[in-house]
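Notes follow the structure.
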Amino acid sequence: MPNSELPRSPQVWRLVQGLLVVLISGFGAACVPMQTKQEAFPLMFTEGKPQTIVVVPAINESTAADAPDYLNVTVSKPLANQGFYIVPVSIAADIFRDEGVVDGAQLKGLPPALFLETFGADAVLFITINKWDKNFYIIGSNVTVELEYLLLSTRTEEVLWAYKGAIVVSPQKSNSGNPIADLVANAISSAITTATTRYIDVAGRVHDSVLVTMPYGRYHPKAGKDGSMKTVATKQVSEALE
């Protein structure tokens, strides 16, 4: 009788485990409910869609004290690439600082119309840093970042766009052919790289991954033509609105 047991070879068993992970991950990704931009954010396609956005200081719920400073200076370019005029972050920051505002949480309860009066912006963007965690383990390390975005109309106070995004950034690993040497080298390299991971680079990656869900603004050549793009995960919108 042929042996019906699973192969006991560690290499074969690791391969089977890897295939199971891929299959389960793929199944999970396929089951994620998705929406088009038009379905998720209809107000971004109406006559009241924003043209000018002011970004307030980031709300920091993480343990990374310096993250907000770097985050605020990385968001203007990707938003401009989406077709919006962005009130210069440095000018806005100076005005907020003069008023004693250093964290966006201080502005959360204010009437959005104040941002229209002060900056001439028809939308205000709040960004919350939920996580900025550096994780170390035996064979490597990574940085986990989770951000929430909330864009409000300064004219109607309605939510125009909201999304929650997260990424895990891992340093590159060595592969010299010597498993023991690679293990030691990667442990040392990962610790150094993760400890010095630049906030700007990581924040930029999160912005890029999240802004694919945002409808294009007036100054983008495809403005108003991207409503049918199915790039929005429903769950990420609902979690950002909680």
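The values are calculated or read from the model by the stated rules, or taken from the named source; none is laboratory data. Everything numeric in this text was worked out from a predicted model, so none of it was measured. Virtual Cβ from ideal backbone geometry, glycine too; neighbours counted across all protein chains shown.
Restricting attention to helices (runs of 4 or more DSSP H) lying wholly within segment 55-133, give those where 2 or more residues are β-branched (Val, Ile, Thr).
Numbers: elements: 67-72, 76-81, 89-98, 113-119.
Filter on segment 55-133 gives 89-98.
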### Query
How do the pairs read when you match residues in segment 218-230 that are more than 18 Å from GLY48 (Cβ to Cβ) with residues anywhere that are of a type in the set (Lys, Arg) and surrounded by 13 or more Cβ atoms within 10 Å (Cβ to Cβ), using Cβ under 9 Å and keeping only pairs 6 or more apart or on different chains?
SER228/LYS37; MET229/LYS37; LYS230/LYS37
### Query
Looking at segment 81-96, which of its residues are at pLDDT 90 or above and loosely packed, with under 15 Cβ neighbours inside 10 Å?
PRO88, ILE91, ASP94, ILE95
### Message
Quick check on ILE53: is it modelled with pLDDT of 90 or more, buried (at least 20 other Cβ atoms within 10 Å of the Cβ) and either under 20 Å from ILE167 (Cα atoms) or among the acidic types (Asp, Glu) (or both)?
### Response
no
### Task
Tell me which residues, restricted to segment 34-54, are among the charged types (D, E, K, R) and in a loop (DSSP other than H, G, I, E, B).
GLU47, LYS49
### Message
Can you report the number of residues in segment 56-73 which are crowded, with 20+ Cβ neighbours inside 10 Å and among the polar types (S, T, N, Q)?
### Response
2
